[in-house]
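Here is the structure we will look at, set down as structure tokens.
The values are calculated or read from the model by the stated rules, or taken from the named source; none is laboratory data. Note that the coordinates shown come from a computational prediction; the quantities given were computed from them, not determined experimentally. Cβ sites come from the backbone with ideal geometry, for glycine too, and all protein chains shown count toward neighbours.
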Amino acid sequence: MATDIKAPSFPESVAEGTVAAWHKKPGDSVERDELIVEIETDKVVLEVVAPEAGTLAEVLAEEGESVESEQVLGRLGDADAQGGDDAKKSDAKSSKKKTDESTPTQDKPAPASASGGKQHEVKAPSFPESIQEGTVASWQRQVGDAVKRDEVLAEIETDKVVLEVVAPADGSLSEIKAEEGSQVTSEQVLATFTEGAGGEAEPAGDAGGDKAPASADDGASDERVGDKTLAPAARRMVAENDLDVSKIEGTGKGGRILKEDVQKAIKEGTAKKASKPAGGAKPGDAVKQAAATPAVEGERPEKRVPMSRLRQTIAKRLVQAQQTAAMLTTYNEVDMGAVMDLRAQYKDTFLKTHDTKLGFMGFFVKAASEALKRFPDVNASIDGTDIVYHGYQDIGVAVSTDRGLVVPVLRDTDSMKIADVEKGIVDFGKRARDGKLGIDEMQGGTFTITNGGIFGSLMSTPIINPPQTAILGMHKIQERPMAVNGKVEIRPMMYLAVSYDHRMIDGKDAVQFLVTIKELLEDPARLLLDV
């Protein structure tokens, strides 16, 4: 009996994912809990494992396809049944191959045209309730281009993910009704498609075909160069940085270009496009080229880059956080001398004992956990007209990645040791940069800590992460002259900032909360003595 292989359950904030890579192919045997396929979302890469031992009988969602929460990706079956299926598929492929070899290239569209030229409407995907509209980011094919079933025709960019629209059959585009850059709604008709209009005439390197994929000598080449394919994250980076895909070597399965490959090419500067007159751009490159075409040439060049829908949404939500919350910020400064002396004294022993370095964040997380226990309003959240008091401390710690800041959450930090905190943060950082954080690891959280000091920030005003009611901002440690016991001394000082929602937290509590953190850090023994 066949067993369905399903995509994981996506949270409300993630509408769809993309099949990044299949680690097994039909006919391969798999063990229970063995990795079969990876799903890439706009936040993380999710791993899908085998629900039981068996043989991969069928793949229903190919690499690069967009999938929804709990969508069936493939099926597991027993080895005998799969063997029979494989034999049939092999015979079919063999028969098709013989037919193709005996048929002139110009006659290859015939099998597809046997369908009678059936017309299809190419529609935008169904958007979830949280997404109202999308933007046609690019058309991968133009009217008259031959395409195969499930080949990407267009990309729709929403405020959360980039969705791919694929061909419903072998054939060609008859008409494009939504041009690049236009706004579209859920299931809006984007184009008309005709079956049997050359879908079989497009293998790479087929000299006799009427149409060919974008070639490497095309000065404005897009993501499709030869037989190369790009992961969604890599595709976006290529478009944003205006790179020549033909110059990027893919290290993924089957030569697939991954985000890391694009990052490497950007760092080494090996994938820059050759300069080209503005008049040579193809119609299908309008959106991508807009981000790379200088508006003014010469010694003072400029370029206009369209803001992505994701960046627009980030901007909108940051403004909303400030508009909906009565946000206020209180500042203080802490003498980091005691913590620095403690680190200097025990860093080697700590590393040897716990196999991790002793940093500053462990002290701040433990100090914040203690302060949150003493001031429960700061640890609460607002849900409509209700106040939710949390009897635990789950602290989110901002981690910098190439995509931007992510905020994985340390759970029950009050019961964690400093070594556990440090290990957790190191693990989060590594997996965040590799795109391996789970969505559940970035959800929830009762309080957040962000450290702008690692980038050199001396002082800033952090913005609350709703529905949380407060956030702590750390900054750079700067030596400054301070009055100590009537004398001027040079001390390592750090400015602290707590932004809080005044609807929930009174100024007195916010100030005392920050003073508590200051006292705990200036006398770390308080963390051990609980005083």
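Across segment 466-488, the number of residues qualifying as over 25 Å from G359 (Cα atoms) and not in a loop (DSSP other than H, G, I, E, B) comes to 5.
Each residue in segment 335-352 was checked for being in a helix (DSSP H, G or I) and in contact (Cβ under 8 Å) with a residue 12 or more places away in the chain, and 8 pass.
Residues in segment 479-506 that are within 37 Å of the chain's Cα centre (by Cα) and within 25 Å of I454 (Cβ to Cβ): M493, M494, Y495, L496, A497, V498, S499, Y500. Look through segment 370-408, keep the residues that are in contact with a strand residue (DSSP E or B) (Cβ under 6 Å, 6 or more places away or on another chain) and more than 30 Å from D523 (Cβ to Cβ), and return whichever of them is surrounded by the most Cβ atoms within 10 Å (Cβ to Cβ). Checking each candidate, the answer is V406.
Among the residues of segment 21-50, which ones are crowded, with 17+ Cβ neighbours inside 10 Å, under 18 Å from I439 (Cβ atoms) and charged (D, E, K, R)? Answer for segment 21-50, where residues must be crowded, with 17+ Cβ neighbours inside 10 Å, under 18 Å from I439 (Cβ atoms) and charged (D, E, K, R): E38, E40, D42, K43. It is to be established whether one or more residues within segment 433-445 are outside any loop (DSSP other than H, G, I, E, B), more than 23 Å from M336 (Cβ to Cβ) and of a type in the set (S, T, N, Q). No, that holds for no residue. Only a single criterion out of (1) modelled with pLDDT of 85 or more; (2) of a type outside the set (G, A, S); (3) at positive phi is not satisfied by L76, namely (3). Looking at F375, F447, F428, just one residue is closer than 25 Å to M237 by Cβ and aromatic (F, W, Y), and that residue is F428. The set of residues in segment 388-414 being acidic (D, E) and under 17 Å from D440 (Cβ atoms) consists of D394, D412. Among the residues of segment 462-478, write down those that are in contact with a helix residue (DSSP H, G or I) (Cβ under 9 Å, 6 or more places away or on another chain) and of a type in the set (A, V, I, L, M). I463, I464, A470, L472, M474, I477, listed by residue number.
Here is a yes/no grid of residues against (1) assigned to a helix (DSSP H, G or I); (2) modelled with pLDDT under 80; (3) not basic (K, R):
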residue	(1), (2), (3)
G254	yes, yes, yes
Q263	yes, no, yes
T270	no, no, yes
G279	yes, yes, yes
L310	yes, yes, yes
I314	yes, yes, yes
R317	yes, yes, no
Q320	yes, yes, yes
E333	no, no, yes
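In segment 413-441, the residues that are in the same structural domain as R343 (by TED's automatic domain parsing) and among the small types (G, A, S) reach residues that are assigned to a loop (DSSP other than H, G, I, E, B) and surrounded by fewer than 16 Cβ atoms within 10 Å (Cβ to Cβ) with C-beta atoms within less than 6 angstrom, at least six apart or across chains, in these pairs: A432/T401. Reported count of residues in segment 498-531, each being small (G, A, S) and either loosely packed, with under 13 Cβ neighbours inside 10 Å or at positive phi (or both), is 2. Note on segment 447-465: residues that are touching a Ser or Thr at 6+ places or on another chain (Cβ under 7 Å) and in a loop (DSSP other than H, G, I, E, B) amount to 5.
Among the conditions (1) touching a residue at least 40 places away in the same chain (Cβ under 8 Å); (2) touching a Gly at 6+ places or on another chain (Cβ under 7 Å), K476 misses just one, which is (1). The condition of being touching a strand residue (DSSP E or B) at 6+ places or on another chain (Cβ under 6 Å) and either within 19 Å of V421 (Cα to Cα) or not assigned by TED's automatic domain parsing to the domain that holds I395 (or both) holds for only one of V365, V339, V334, that being V365.
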